[in-house]
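A.B. asks: Please see the structure below; I have some questions.
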Amino acid sequence: MEIVRSHRQVAAAAAAAGGDGGGAGALPTYKAAPQLEVRLEEFELFAIDRLRVLKGISDGLSRGKRPEEMEKLVSELWKTYMRHQDPAETLNKDIISHFVLRLVYCRTEELRKWFLSMETALFRYRFRLESPESQRMLMTEFQLPYKALPHSEFEAVKDKLSQVARSIGQSANVEHVFFKVPFEEVPDLVASRRVFLSKGYAYVAMSQVVSLVVTQFRCNISKALALTNRKWTATIKEQEKGRLTPIVEALSNAYFGPDYSQPKDTVDISLKDIDQLAKSSFPLCMRHMLDKLRENHHLKHGGRMQFGLFLKGAGLKLEDALAFWRAEFSQKVGSERFDKEYAYTIRHNYGKEGKRTDYTPYSCQKIISATPGVGDHHGCPFRHFGEENLRAALNKMGVGGHALEEIMDKVKNRHYQLACTLTFETTHGVSCDSGINHPNQYFSESQKILRAKNQTMESQSQSAT
Amino acid sequence: MGRDDEQVDSMEIDDQKQQQLEAPAAVPEGFNTDYLRVYYGKLFPYGDFFKWLCYGNDGKHPGCDQSYVGRREFSFTLENDIYLRFQSFDSATELESSIKEKCPFKIDIGPVYSVDPSKRHAYAQSGNNVFVPVERELIFDIDISDYDDVRYCCSGADVCLDCWPLMTIAIKILDTSLRDDFGFNHILWVYSGRRGVHCWVCDSRARKLSNEQRAAIADYFRVYKGGENALKKVSLAGPVLHPFLARSYMDVLKTFFEDRLLLSQQLFSSEERCQKILDLIPDENVASEVHDKWQGNRRSSISKEDVNVTRWEQLKTTLQSGKHKAQGLRRCVEEIVFSYTYPRLDMEVSKHMNHLLKAPFCIHPKTGRVCVPIDPSNCDDFDPAAVPTLSQLLGELNATGFKTDSENNLERTSLGKSISFFRTSFLHPLLKACKEELESAYNAKLQQSKNSLNW
Ligand code: SF4
Ligand SMILES: [Zn+2]
């Protein structure tokens, strides 16, 4: 892809690029960067529009929207930000914006992960909207050489296939076209038990083929991102110092929100303040884990990660973190076992062991999509608690009456982060316009408010004397 | 070697000459470095153990990857809690001498890495070679202490014959599904030495799974939702069960629940236990209807039937009677059975390639029991209390005196049975399959290069 400043006609080039960018029709597969010229203004504008779509998807997922709702959301987002009357223009914008964002999001592990899952989700829902013919063409394009199950074999497993269909709430009338594929190729269908498995094969219905294609898509993009990253650091970054690099860097901050891996404006917090801070400024998910940790002197892996990284983000230093966890765990497992089995992960979270990369505190979206099991205390209480437990927990925070009902209402509609935002507003008596999307954001906004309150109180008392 | 013998000899003298009453071979229960040294010196099956982890790559065939086993991570936990990670060995002899020298209280097995883990720093400096796990058995870890809310006989790390069936259930369900659904053949079940079981799926297909694929399998087995704070722990949505769940229910869970756990755990024997089950019924009216019936039978205690059985039958008839066939309630009986029986996996262990898992044939320091393989087709008969202990084995050795040949030593102890099971039921079929795969992969490669020459 070549980037130019001049105003050139690109529509024609885009039409030609249909083949290059890959894609049977309206849905490109982004296999190779298109041979076309892009104007610098478009470089940025297109990217921002695509980012709006991806951000919309990320919000939808964090609200726990169902697949059908996601499908609708994606098609609306696409229409709003990407669709042009001229299909060739749309395709052009689609391809350019994708490749620009690849550059933007190739640079760190965290960015790559986010981009990969949002692009994959986008592709998944767009694929579902395609016609069966174009779906088949895409299958060929991804080199998925599956033949439909022959009739005799189909008859032999028909009952099981219909049982699976009914188990996921579809009609018992089995579809007729099935593909028999190694189970490894449809992990999402296996994970949600949406396929019949026998002897290592998954029986995938035509309507589920999207999973096969998506797996392939995801794998291609993931490899491409790694490659782009290498190119970026090796050449592009330096070459484009005066032109693209600043745009790329600005874009990555545009919508991703702040990164809480390094405590910035926050003051370090110290060990003895934790309980006090929890009461005043921790979001419900973290309070709950602190309570459980104090009660059981133990947290399972998921909890240690979610809570440990949060504390790091809130400004707890490594030495204090070690002391904090040791004080609790040693009451249960003894300090030797703590040092042997648990200290490692804590140092790891601080980048002192293993790969030495810094781990980023989890965002609400990630926490909400977790799947805590028996004995686990991580996750988002708004999503993962039963109603009674949630009410009790909110009561304990001093939330009741009308506010409580409003929060429960948000929960019923699966707006977990909105419920958390309301909780924040109720307990702080201040509105929070940006909404809560990160537990560390909850913490730092709360601290900001409390500090401001303290200051006014101080200055008042000073002027009084 | 000589030193080992001396130590044991002196032990013999102490124990036997002083307490002639005991069977001549008795060695006091316990676990200590001296015992362990004898075990590692005379009994640990280095050969078979290492052969397993070579997966056929130690052969003469040109398709063998000679670097394979040397890229496997072992980690040792020593007596004073020193933790040695990233050990690696190129041969059984190397492994043997290191174990004998260090006498680890625990041996863990990690993944096979892209490069020799003990030299990872050197590689890191040279650039190019990234240090990442590339292969790992698919593993499962099931721990009885995760079942504390559904067993009343023991808690925590304790286990008895009344609650052990929960582990038997887990073995049956997973083993059947791993074979029939996922098509795996080389599966090793191991007693963890104290409170649970480990499972190693060793097919090459399993070893090559990505983290995402591992997570998918773990999720396939998952029916628990919502963590500790959700009221309902098992949720079985949909009008019918997925064939895997239906089969698990019909073939295993239902029978174990009704024939074993109902009575052995006395699931309905107190108000509190009853309430826990009533909480699983989503409709309050129905729950109170059931409760009323139970109250009734408490007053008229003429029935000779066991109270648990009676109450369970009453619950079933109420929930399954025509008038409660509403969605939601239809699954309720199954949900209760699942809640009390279905396997609870430590998901994290299965999801990631780089989790360490304790090696078979280790000795558990707390119980002194050997981590022996369990035969899944006879797992009903497995009794954790009958697993040989370290001191028992030493006693057996003493009884006949030492031979230098460790093969013979082994066969004379009660560990012999476990080793021969490991060998014939697991290792030999595994190595046969590895050999075939190696050869066919090699031939395919030859064929390919031939073809490309022709072009
Ligand atoms: S919304 Fe975010 S901050 Fe609030 S409880 Fe849930 S995960 Fe925690
Ligand atoms: Zn018990």
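A.B. asks: Could you check the stretch A:199-211 and list, in sequence order, the residues that are closer than 10 Å to A:R124 by Cα and within 14 Å of chain B (Cβ to nearest Cβ)? Spell out the reasoning first.
C.D. replies: Let us first name the residues in the stretch A:199-211 that are closer than 10 Å to A:R124 by Cα, namely A:210-211.
Matches in the stretch A:199-211: A:S211 only.
A.B. asks: Okay, next question. In the list B:F131, B:F140, which residue meets the criterion of being within 14 Å of chain A (Cβ to nearest Cβ), hydrophobic (A, V, I, L, M, F, W, C), more than 16 Å from ligand 1 (Cβ to nearest atom) and farther than 27 Å from B:Y220 by Cα?
C.D. replies: B:F131
A.B. asks: Since B:Y83 meets every condition but one in (1) more than 16 Å from ligand 2 (Cβ to nearest atom); (2) in contact (Cβ under 8 Å) with a residue 12 or more places away in the chain; (3) in contact with a strand residue (DSSP E or B) (Cβ under 8 Å, 6 or more places away or on another chain), which condition does it not meet?
C.D. replies: Only one criterion in (1) more than 16 Å from ligand 2 (Cβ to nearest atom); (2) in contact (Cβ under 8 Å) with a residue 12 or more places away in the chain; (3) in contact with a strand residue (DSSP E or B) (Cβ under 8 Å, 6 or more places away or on another chain) is unmet by B:Y83, namely (2).
A.B. asks: Could you grab me the full set of residues in the stretch B:161-189 that are in a loop (DSSP other than H, G, I, E, B), in contact (Cβ under 8 Å) with a residue 60 or more places away in the chain and not charged (D, E, K, R)? Write out each step before concluding.
C.D. replies: Looking only at the stretch B:161-189, we keep the residues that are in a loop (DSSP other than H, G, I, E, B), and these are B:161-164, B:181-186.
Still in the running and in contact (Cβ under 8 Å) with a residue 60 or more places away in the chain: B:161-164, B:181, B:185-186.
Result: B:L161, B:C163, B:W164, B:N185, B:H186.
A.B. asks: Still on this structure, I have one more. Looking at A:E387, A:E336, A:E341, can you tell me which residue is within 16 Å of ligand 1 (Cβ to nearest atom) and more than 18 Å from A:K292 (Cβ to Cβ)?
C.D. replies: That would be A:E387, the only listed residue that is within 16 Å of ligand 1 (Cβ to nearest atom) and more than 18 Å from A:K292 (Cβ to Cβ).
A.B. asks: So, one more: Does the stretch A:167-184 hold any residues that are surrounded by 18 or more Cβ atoms within 10 Å (Cβ to Cβ), out of contact with any strand residue (DSSP E or B) (no Cβ under 6 Å at 6 or more places or on another chain) and within 9 Å of chain B (Cβ to nearest Cβ), and which are they?
C.D. replies: Residues satisfying the conditions are A:S167, A:E184.
A.B. asks: Suppose we keep only residues that are part of a helix (DSSP H, G or I) and more than 16 Å from ligand 1 (Cβ to nearest atom) within the stretch A:397-416. Which one would you say is least open to solvent (accessible area, probe 1.4 Å)? Break it down stepwise before answering.
C.D. replies: Initially, the stretch A:397-416 is screened for residues part of a helix (DSSP H, G or I), giving A:401-412, A:416.
Remaining after also requiring more than 16 Å from ligand 1 (Cβ to nearest atom): A:401-402, A:405.
On the way: A:G401: 54, A:H402: 142, A:E405: 88 Å².
In this case the residue turns out to be A:G401.
A.B. asks: With assigned to a helix (DSSP H, G or I), within 24 Å of the chain's Cα centre (by Cα) and among the aliphatic types (A, V, I, L, M) as the only criterion, which of A:A392, A:A419 stands out?
C.D. replies: Values: A:A392 fails: within 24 Å of the chain's Cα centre (by Cα).
Result of the check over A:A392, A:A419: A:A419.
A.B. asks: How many residues are open to solvent by 40 Å² or more (accessible area, probe 1.4 Å) and either touching a Gly at 6+ places or on another chain (Cβ under 8 Å) or more than 9 Å from ligand 2 (Cβ to nearest atom) (or both) when one looks only at the stretch B:160-194?
C.D. replies: Going through the stretch B:160-194 one residue at a time, the tally reaches 6.
A.B. asks: Follow-up question, since we're still on this one. Of (1) more than 14 Å from chain A (Cβ to nearest Cβ); (2) surrounded by 22 or more Cβ atoms within 10 Å (Cβ to Cβ); (3) more than 20 Å from B:T317 (Cβ to Cβ), B:L267 satisfies all except one. Which?
C.D. replies: (3)
A.B. asks: Can you tell which of B:L245, B:L241, B:L209 is away from ligand 2 (no atom under 16 Å from the Cβ), part of a loop (DSSP other than H, G, I, E, B), within 26 Å of B:D375 (Cα to Cα) and at the interface with another protein chain (Cβ under 9 Å from one of its Cβ atoms)? Walk me through how you get there before you give the answer.
C.D. replies: Working: B:L245 fails: part of a loop (DSSP other than H, G, I, E, B); B:L241 fails: within 26 Å of B:D375 (Cα to Cα).
So the residue among B:L245, B:L241, B:L209 that is away from ligand 2 (no atom under 16 Å from the Cβ), part of a loop (DSSP other than H, G, I, E, B), within 26 Å of B:D375 (Cα to Cα) and at the interface with another protein chain (Cβ under 9 Å from one of its Cβ atoms) is B:L209.
A.B. asks: Would you mention how many residues in the stretch B:357-372 are in contact with a Leu (Cβ under 9 Å, 6 or more places away or on another chain) and either open to solvent by less than 10 Å² (accessible area, probe 1.4 Å) or small (G, A, S) (or both)?
C.D. replies: Residues in the stretch B:357-372 being in contact with a Leu (Cβ under 9 Å, 6 or more places away or on another chain) and either open to solvent by less than 10 Å² (accessible area, probe 1.4 Å) or small (G, A, S) (or both): 6 in total.
A.B. asks: Same structure again: Could you check the stretch B:295-316 and list, in sequence order, the residues that are surrounded by 11 or more Cβ atoms within 10 Å (Cβ to Cβ) and either of a type in the set (V, I, T) or at pLDDT 90 or above (or both)?
C.D. replies: B:V307, B:N308, B:V309, B:T310, B:R311, B:W312, B:E313, B:Q314, B:L315, B:K316
A.B. asks: Looking at the stretch B:219-234 only, could you name the residues that are more than 8 Å from every other protein chain (Cβ to nearest Cβ) and either modelled with pLDDT of 90 or more or out of contact with any Asp or Glu (no Cβ under 7 Å at 6 or more places or on another chain) (or both)?
C.D. replies: B:F221, B:V223
A.B. asks: Then there's this: Is it the case that the stretch A:422-433 has a residue that's away from chain B (no Cβ under 14 Å), within 10 Å of ligand 1 (Cβ to nearest atom) and modelled with pLDDT under 90? Full working, then the answer.
C.D. replies: Residues of the stretch A:422-433 that are away from chain B (no Cβ under 14 Å), as a first pass: A:422-433.
Checking which are within 10 Å of ligand 1 (Cβ to nearest atom) leaves us with A:423-424.
From what's left, modelled with pLDDT under 90: none.
There is no residue in the stretch A:422-433 that is away from chain B (no Cβ under 14 Å), within 10 Å of ligand 1 (Cβ to nearest atom) and modelled with pLDDT under 90.
A.B. asks: Of the numbered conditions (1) in contact (Cβ under 8 Å) with a residue 24 or more places away in the chain; (2) part of a helix (DSSP H, G or I), A:E184 satisfies every one except a single condition; which is it?
C.D. replies: Just one mismatch for A:E184, condition (1).
A.B. asks: Does any residue of the stretch A:151-158 turn out to be among the charged types (D, E, K, R), within 14 Å of chain B (Cβ to nearest Cβ) and open to solvent by 50 Å² or more (accessible area, probe 1.4 Å)?
C.D. replies: The first filter runs over the stretch A:151-158 and keeps only residues among the charged types (D, E, K, R), leaving A:153, A:155, A:158.
Next, only the ones that are within 14 Å of chain B (Cβ to nearest Cβ) stay: A:158.
The next check asks that each one be open to solvent by 50 Å² or more (accessible area, probe 1.4 Å); those that pass are A:158.
Yes, the stretch A:151-158 has at least one match.
A.B. asks: Does the stretch A:109-122 contain any residue that is within 14 Å of another protein chain (Cβ to nearest Cβ), surrounded by 13 or more Cβ atoms within 10 Å (Cβ to Cβ) and not in a helix (DSSP H, G or I)? Let's see the steps before the verdict.
C.D. replies: First, pick out the residues of the stretch A:109-122 that are within 14 Å of another protein chain (Cβ to nearest Cβ): A:109, A:113, A:116-117, A:120.
Filter again for surrounded by 13 or more Cβ atoms within 10 Å (Cβ to Cβ), leaving A:109, A:113, A:116-117, A:120.
Next, from what is left, pick out any that are not in a helix (DSSP H, G or I): none.
No - not one qualifying residue is present in the stretch A:109-122.
A.B. asks: Now, a different point. If I filter the stretch A:72-81 for residues that are among the small types (G, A, S), at pLDDT 85 or above and under 25 Å from A:Q417 (Cβ atoms), do I get at least one hit? So that I can check it myself, show each step before the final result.
C.D. replies: In the first step, residues of the stretch A:72-81 are kept if they are among the small types (G, A, S); the result is A:75.
From what is left, the residues that are at pLDDT 85 or above are A:75.
Those left that are additionally under 25 Å from A:Q417 (Cβ atoms): A:75.
Within the stretch A:72-81 (the criterion being among the small types (G, A, S), at pLDDT 85 or above and under 25 Å from A:Q417 (Cβ atoms)), the answer is yes, since at least one residue qualifies.
The values are calculated or read from the model by the stated rules, or taken from the named source; none is laboratory data. Worth saying up front: this structure is predicted, and the values here are computed from it rather than measured. Note that each Cβ is placed from the backbone with ideal geometry, even for glycine, and that neighbours are counted across all protein chains shown. Accessible surface areas use protein heavy atoms only, side chains included; no ligands, DNA or RNA. Shrake-Rupley method; radii C 1.70, N 1.55, O 1.52, S 1.80 Å.
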